[in-house]
Amino acid sequence: MRDFPLFPEQASTFANQVDQLYFFLVALSLIFAGVLPFVILYLIVRYHRSQKVDRSNPVDSNLKLELTWTLIPLALVMLVFFWGAFLYVQMRTPPARTLDVYVIGKQWMWHVQHPNGKRENNELHVPIGQPVKLIMTSQDVIHSFYIPAFRIKQDVLPGRYTIMWFEATKPGEYHLFCAEYCGTEHSLMIGRVVALPLADYERWLATPGPVVLPDGTIDTGQAIVAPSIGDPMAAAGARLFTNLGCLGCHAMAGGGVGPSLQGLYGATEKLADGSTVVADENYLRESILNPNAKIVAGYAAVMPSYQGQISEDQLNQLIAYIKSLADTGN
Amino acid sequence: MATITHEEAHVHAHGPELQHQFETPEQQKEAATLGMWAFLVTEIMLFGGIFMAYIVYRWAFPEAWEESAALLNTPLATVNTVVLLVSSLTVALAVNAAEEGNKRRLLTMLALTMLLGLTFLVIKGYEYSEKFAHCAGAKDPISWITGSDLHESHECLVPGRGFLFPEEHGATGGSHGAAHTASMQSGHQLFFLLYFCATGLHAIHMIIGLGVMSAITIMALRDRFSPTYFTPVEIGGLYWHLIDIIWVFLFPLFYLV
Amino acid sequence: MSTISLPQSSYIRDNSRTFIDWLKSWLLTVDHKRIAILYLLSINFFFLLGGLAATLVRVELITPQGDLMSSDVYNRAFTLHGVIMVFFFLIPSIPAVLGNFLVPLMIGARDLAFPRLNLLSWYLYMIGGIFALIAAVFGGVDTGWTFYTPFTSTYSNSNVVMSITGVFIMGFSSILTGLNFIATIHKMRAPGLTWFRLPLFIWANYATSIIQILATPVLGIALLLVIVERVWGVGIYDPALGGDPLLFQHLFWFYSHPAVYIMILPAMGVISELISTFSRKRIFGYEFIAFSSIAIAILGFLVWGHHMFVSSQSVYAGLIFSFITMLVAIPSAIKVFNWTATLYKGSISYRTPMLYALGFIGLFVIGGLTGIFLGVTAVDLHVTDTYFVVAHFHYVMVGGTIMAYLGGIHFWWPKMTGRMYNEIWGSIAALIIFVGFNMTFFPQFILGYLGMPRRYHVYPPEFQILHVMSTAGASILAIGFIVPLIYLAISLRKGAIAGDNPWGATGLEWKTSSPPPTFNFDKTPIVTEEAYAYPPEAAERDAASWRPGSPL
Amino acid sequence: MAEQQHTNAHHHGDRHTHISRGTYYRVFVALMVLMVLTVAAWWVEKNLLHIPGWLAVTIAMSIAIAKTVLIVLYFMHVKISSRMTQVYAAGAFVWLIILFVITMGDYVARGWPPQPGPLP
C-alpha cells in the first residue's frame, strides 16, 4: 500500500503555529461553508413553489440584518489578520544568533554551502533545535525555496539576497521544492531536507564528499574543518580578499583608501549623502558589485566594481569573511 | 406594432449626424465626451506604467539620472514644449471657432495645430537621430547621412548591446576599467531606455493625434460641423490636450533632472 | 406576441440574398446583439481550446512520472490553458457576451453608445486571439500565464513576443468594451430609469468597466516593456542589467488582481438576476449588493501585493496588503448573505439557471473562504504557489464565473434565440458540472496543503491518489461542458418557441420580443418602478398556481 | 419624441456656459510663464545654487501639476463639464497616485537596492 497522506508532517517550530491558524480558518470556513449550504437547502426546499407555506409579508431589506452580517465577518477577518500578521512578522524576523547557510538557486538545481565550507547539491542538512538562516540568491531566474514540512517558503531572486529562517524540530527527511515556475525542468528542481540531531549534523559536516560546484566544476577534496574550530567559508573568503587585493585599501586597522571592514557587519554606516544604512548581506553584496551606489561618509568613490569578476559562490565566501570580522570585533 | 423604425423617425426629426442609438444630440454629445474621458483615463494609466518604472529607477539610481539627463538636448526640448503649448492653445481656439460656427477660423486653427504637431515631431526626430548618429560614430545626423566625419565612437546613448555612456560624464572618472561594466552603466541605460520608451510612445500618440486632426479637417472642409454639432472637434481636442499634458510631465522628468 | 411562432422581424433575421451578403451582414454588423453572438461563438471556441489544454495537463498528471509528454510540452500546455482561459475566455466572457447583449436591453436603449467601437473591440479580440493561436501553433509558450520576469524577458526560448502581443491587443478590446458600457450606462438609460432602479447586472457591469479602463493599460505597458526587453536586450526587469524583476510583478498584479474582479463581478450580477427571478421576489438588500460591487471594484485595486507575500516584498507592504485583502472579503460576504436571504419566503423553482445560481453560491463560498486563507500572510507563506492556490482560483473562476456564465446563457437563451432548450438535459448537465467540479478541485486543496507545488510535471508518488481523483473529476466536468453544447445546438432548430417572457421575469429585456428586433424596442420604454418589481404577493400567487406536473 | 427626453439632466443648467477666447489667451500666458519658471528653476539649481534633489523635483512637479490643472480645467473644459466627467478626470490621477504610492511604499520599506528596514 502506497502511503496516502492527507496532512503534511510538522517538523519545524512554525509548523504547529501555522497549522493552528489553519485549523482555526478551517473551523471558521466550516461554520460558513458547512452551515450556509444547509440554510440554502432548507430554504429552497421549504419555499419551493410546490410547497404551501406562509409567504406573506416578504421582506426585501433589513438594516439590522445587513449590519450583522457585515460586522461579524469583519470582526472575524480582523482576528485572523492580526493572528496571521504576528506569526508572519515572526517568520520573517530571524533571531540574532543563527546558523547561516548559503543557498544558490540555478536552473534547475539547488546549491548549498555550509559555514565550514561543506557543500551539497539538492540537499540541505540542518541540525534540529537550532535556528537556521538561509541566505539565498539565484544565478538566473526567480526560484522559490519551499519546505512544506516546515511551512515556509521564500522566493530566491537573482541580483540580491533573500533570507528565510526556521528551526527544525524533528529528525527526518523532508521534501524540498522549487515553488516558483523557473523553466523547463522546474519540477525536477527538487531535493530533500535532512534534519539531524546536532551531533549527527556536526559529524556529517566533517565528512568530505565530492560535489558539483555552481560553475560546473567538480570539487572532490573539500577542506573540511570541525565546525567548532573555524569557518572555512570565511577562510576561503579571506584568501579571496587577499588575492583580489582588497586589503590594499581596506586596511584592518583603518586609515586606508577605503573604510576598515572590522566590525562592519550589522553596524550602521553613515553615508556621504547623510543617510545611514545597516550593513547587512545585501548592503555588502551591493558594495562589492556596485561600490558607488552607497559611499561611506569621508571616503571617495574610487572602488572598482567586481561585477562579472567573481562568481556568486565567491561572493558568498567574501561576505562570510566580512561577517566573521564582525564576530571577532565584538 | 409600429412599422416605422426609430432610425427613420430620427433622421427626419434631427440632422443626419444623430446616430440611431441616441435620442437627442445632447445625449450623443455627452456620451461622446464621457466616452472620450474614459479613454483618456486609460491613456493616463498607460503612461502611468512607464512613470512608475521611472520613479522606481530614478529612486534607485539618482546619480545616473543626473548624469544622463545632462546629455539630453534641453534647449530643443524647451522649444518643443513651447510648440506643444501653443498647439494646445490653437486646438482650444479651434473648438471655440467650431462652437461659434466660424469655419474659416476653425480651418486656420486646425492647420496651425497640425503644423505645430509636425514641427514637434521634426524636432523630436532630430533629437533621436542625434543619438543614433552618435551610435553610428558620426558627430551629428547630417554627417551621419552624408557619411562624412566618421570616427571611433565614444558615446552611444541608444540602449542595447552597443550602449556606451561617455566616461567624462560618469562620476567615477576614467582610471578604473572595471567601473564600466554593464552593471555600472545599468542606471544610465535604464534612463535612456525609459527616455526612448516614454518619448517614443508619446510621439506615436502625436502621430495618431495628427491623423485625428486631419480627419477633423476633412470633415470641416465638407461642412460637417455646425454650432450644434461639433463633437468630433471637441473630443479630438481632448485627445490633443492629453498629449500635451503628458509632455508637460515628460519635459521636467527627463530634461530638467 | 404569440407563443406559436418566432417574431416576423428580429435581429437574427435579415433579407440578405446571397451567402456573402449574409456573412457581411454579420461581420460588419454594429448591432450589439449580433456582436454578442459573434463573441459567444468565438469565446466558446477559445473555451474549448483552453479546455483541451487542461485535459492534456490533467491526463499527464495521472502518473507521478512524466510519461505522456515531455516537460517542455507540459509547460506549454499549462501556459496555453492559462493564457487562453484567463485572457480570452474569463475576462471577456460575461461582459462581452451577456453584457453586450443585455446592457442596452436592460436599460431600454437601442444600442450601445458606440456601436462601431463595439465591433472594433470584437475584431481586436479576434486579432489578439489569432496572435495567441499562432504562438501556440508554432511552438507555444512556456512562461505560465503570469509571464514572470526575468524568465519571460530573458530566459524563455518560446514564442513569448507573439503571445504577449496577442494579450496586449486583447487588452484594448477589453478597454473598448469597458468604456462603451460606461458611456452607455451613464447616458443612455431609458426615461425614469434612475440608478437605483437599474438591475444589479448593470451595476456589476459598470463596476467591471471601471476596472477595465483603469487597470488594463497598466498590464499593456508592463507587457510592452517585456517585449522591449526581449527584442532589444536591454534590462528593464533583468537584475543583471540593473532592472528589478519585482517591478514587473507590481505592474502585472496591479492589473491581474483587479482582473479577477473583472471576471467575478459580472458573474455576481448574473446571479442576482437569477436568484430574484426564480424566487419571484425582489432581491434582498438591493443597495447593499449594488454598493458592494463598487466597493469590490475600488478595494480590489489596493490588494495586488497579496500575490507577492513570498516575493521578497517588504514586510510592511505585506501586512498592509493582507489587511486590505481581509476588507475585500466583506462585500463578497454581503452579497452571499443577501442572495440567501432573498430565498426566504420566495417561491423557488429549480429551473436550470437557478441550479447554476445555487451551485455558484456554494462554490463561490468555498472559493471566497479559501481566499481568506491565502490573504492571511502566515498561512500564505505555506500554501502560495501550491495546488491550494490552484484549487482556490478555480473555485472562484470556474465555480464562480463559469457557473454564472452558463446560468446566464441558459437564462437568456430564449431571449437570444427565441427558443427553449431541453429543461431535463439542462438540469442533468448542471448537476454533472457541479459534481465533476468538486471532484476535480476539492482534492487539490488537500494536495496544496500537503505542499504539492503548482506547475509540476512530475511529482512525488505519495500525491498520486489525489491527482487521480482530480483527473477523474475533470473527465466528469468535461462531459458536463459538452452536454450543453449539444442540447443548446439542437434547441436552435427543435426548441419550443419561448415567447417574450418565458420565466415571468421583470426587467426591460423581457418586455420586448424574443429574439428582440434590431433596435430592441419599438417604442422607448418609460420606467416607473424599481428593478425586480415583483409585487409582495407574487411569490404566493406563483406557488398557488403550481399543480403537480408544472415545472419544478 | 418630446416625452423621450433624457432624464439624466442634473447638469443641464450649466451646459451652455462656455469659456471665452480671452480666457484661453490668459491661460496660455499663464502656461508660458510656468514653463519659463520651470526652466529657470532648473537653470538656477544647475548653475547658481545647489539645492537638494527632492526640493528640485518638488518644484518641477508642482509646476507640471499646475500646468496640467490649467489645461484640464480650461482647455479641456472640465471646469464647465458634467459632474461625471469631472469625477473621471480626477479619478485617473487618483488611481495613478494609488499605483505610485503603494508600489513606492513597498520599495522604500523593503529597500531596493538593498537597504534593510527594521524587519529584515
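Throughout, read-outs are computed from the coordinates displayed, never taken from laboratory work. Everything numeric here is computed off the predicted structure, so don't read it as measured data. Cβ sites come from the backbone with ideal geometry, for glycine too, and all protein chains shown count toward neighbours.
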Q: Starting from the Cα of C:Ile127, step 7 Å along the direction of its Cβ; do the same at C:Glu462; then give the gap between the two resulting points in nm.
A: 5.3 nm
Q | Phi-based couplings in Hz for segment D:63-76 (Karplus 6.51, -1.76, 1.60; Gly and Pro marked x) | A | 5, 4, 5, 4, 4, 4, 4, 4, 4, 5, 5, 9, 5, 9
Q. Once the dipole of the protein assembly as shown is set up with Lys and Arg at +1 and Asp and Glu at -1 on Cβ about the Cα centre, which of C:Ala36, A:Pro232, D:Pro52 lies farthest towards its positive end?
A. C:Ala36
**Q.** Karplus-derived HN-Hα couplings along segment C:87-98 (A = 6.51, B = -1.76, C = 1.60, θ = phi - 60°), whole Hz, x at Gly and Pro
**A.** 7, 10, 10, 5, 5, x, 3, 6, x, 6, 8, 6
Q: Compute the FRET efficiency between B:Asp140 and B:Val212 as 1/(1 + (r/R0)^6), taking r as their Cβ-Cβ distance and R0 = 30 Å, and round to the nearest 0.05.
A: 0.35
Q: Work out the mean other chain Cβ neighbour count within 10 Å for the residues of A:295-301 and drop it here as an integer.
A: 1
Q. Within straight cross-link reach of D:Lys46, meaning Cα distance under 19 Å, which aspartates and glutamates are found once same-chain residues fewer than 8 apart are removed?
A. A:Asp273, B:Glu63, B:Glu66, B:Glu67, B:Glu168
Q. Put +1 on the Cβ of each Lys and Arg and -1 on the Cβ of each Asp and Glu in chain A; which of A:Leu289, A:Thr68, A:Tyr22 then has its Cα farthest toward the positive end of the dipole?
A. A:Thr68
Q) Out of residues 5 or more away from A:Lys133 or on other chains, whose amide H comes under 5 Å of its own, with H placed 1.01 Å from N in the peptide plane? A) A:Leu99, A:Asp100, A:Val101
**Q.** Modelled FRET efficiency - R0 41 Å, C:Val59 with C:Leu27, Cβ distances, 0.05 increments
**A.** 0.65
**Q.** Taking segment C:39-538 and dividing mean pair separation by its residue count, relative contact order in percent (alpha carbons under 8 Å, at least six apart)
**A.** 18 percent
Q) In the structure shown, do any of A:Lys270/A:Lys323; C:Lys33/C:Lys415; A:Lys153/A:Lys323; C:Lys33/C:Lys494 have a Cα-Cα gap over 20 Å, and if so which? A) A:Lys153/A:Lys323; C:Lys33/C:Lys494
Q | Unit charges on C-beta of K, R, D, E only; dipole of segment C:279-412, Debye | A | 700 debye
Q: Read phi for every residue in segment C:353-361 and hand back ³J(HN,Hα) as whole Hz from Karplus 6.51 cos²θ - 1.76 cosθ + 1.60, θ = phi - 60°, with x for Gly and Pro.
A: x, 5, 4, 4, 5, 5, x, 4, 4
**Q.** For residues of C:271-280, the mean tally of beta carbons on other chains within 10 Å
**A.** 1
Q) Amide H to amide H under 5 Å from C:Asp238: which residues, 5+ apart in sequence or cross-chain, H placed 1.01 Å off N in plane? A) C:Gly243, C:Asp244
Q | Dipole magnitude of the protein assembly as shown, debye to nearest 20 (Cβ charges: Lys/Arg +1, Asp/Glu -1, about Cα centre) | A | 3180 debye
Q: Could you pull the Cα extents of segment A:232-329 along its three principal axes, largest to smallest, in whole Å?
A: 36, 30, 23
Q.
Residue by residue through A:182-192, how many Cβ atoms from other chains fall within 10 Å of the Cβ on average?
A. 6
Q) Quick one: if you stick a label point 7 Å off each Cα along the C-beta vector at C:Ile486 and B:Met219, how many nm between them? A) 5.3 nm
**Q.** All lysines inside 25 Å of C:Lys345 as judged from Cα atoms, apart from same-chain residues fewer than 8 positions distant
**A.** A:Lys52, A:Lys64, C:Lys281, C:Lys335
Q: Please give the FRET efficiency for D:Ala66 paired with A:Arg97, using the beta carbon to beta carbon distance and R0 = 51 Å, rounded to the nearest 0.05.
A: 0.40
Q) Taking only DSSP H segments of four or more residues, each worth -39500 (n - 2.57), what value at 222 nm results for the protein assembly as shown once the sum is divided by all its residues, to the nearest 500 deg cm²/dmol? A) -19000 deg cm²/dmol
Q: Report, by chain and number, residues whose modeled amide H sits under 5 Å from the one on A:His125, excluding near sequence neighbours (fewer than 5 apart, same chain).
A: A:Val194
Q. Rg(Cα) of the protein assembly as shown divided by 2.2 N^0.38 Å?
A. 0.98
